[in-house]
Amino acid sequence: MSDEPITPEDGAIGPRIRRYREERGLSLSQLAAESGISKGYLWTLENEDGHSRPSANTLHEIAEALGVLISDLLGRTLSHDIDDTDIPESLRLFAEKNGLPKADIRMLASVRFRGRRPESEQRWEHIYNSIRLSQQMDEE
């Protein structure tokens with residue numbers, strides 16, 4: 001997962017969409033199917049950035065499909081974002097090994113059970129897989 005800044009630094013959303021899409025191994029067609037946004041419009045956003053200003057709803061759908069926050073697509077930091085120092089080392093290792101999106105890392109970093117965070121990569125994996133399974137059950 002790359003945290004390198006996108007250039008040009010004019011707030012270009014398109015390169016960020018492309019980067020997150022490629023990091024997740026999604027084709028433009030797959031992102032279109034998952035987000036409900038047309039493939040043509042996604043192509044336009046990725047390749048002709050600055051000429052199109054997507055709505056908040058469009059950004060939300062794309063971010064949701066990519067597993068990131070709208071602020072990630074905008075290249076902004078939310079004031080309540082979890083700082084990297086708030087991410088336990090065991091979670092950081094699990095996330096790096098499995099290529100977790102930032103939004104998933106933030107969500108996991110907020111997990112507490114009886115006031116305590118998981119302490120091993122295995123527990124993070126178990127929790128993450130349980131949440132993903134639960135989401136799949138909701139979608140059925």
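Just so you know, all these numbers are worked out from the coordinates, no wet-lab data involved. Being a predicted model, the structure only gives us computed values, none of them experimental. Note that each Cβ is placed from the backbone with ideal geometry, even for glycine, and that neighbours are counted across all protein chains shown.
Before moving on, here are some points about what is shown:
- Ranked by the mean number of other Cβ atoms within 10 Å of their residues, highest first, the peptides 39-45, 102-108 come out as 102-108, 39-45.
- For region 98-111, Karplus couplings with θ = phi - 60° (6.51, -1.76, 1.60), whole Hz, Gly/Pro x: 10, x, 5, x, 3, 4, 5, 5, 4, 4, 5, 4, 8, 6
- As an equivalent ellipsoid, region 14-74 spans semi-axes of 14, 13, 11 angstrom, where each value is the square root of five times an eigenvalue of the C-alpha gyration tensor, largest first.
- Projected over all directions and averaged, the alpha-carbon convex hull of region 84-139 occupies 4.0 nm².
- In this structure, residue 33 and residue 110 have a Cβ-Cβ separation that, at R0 = 30 Å, corresponds to a calculated FRET efficiency of about 0.50.
- Projecting label points 7 angstrom from Cα along Cα→Cβ for residue 47 and residue 86 puts them 4.0 nm apart.
- For peptides 12-24, 110-122, sequence by mean Cβ density within 10 Å, most packed first: 12-24, 110-122
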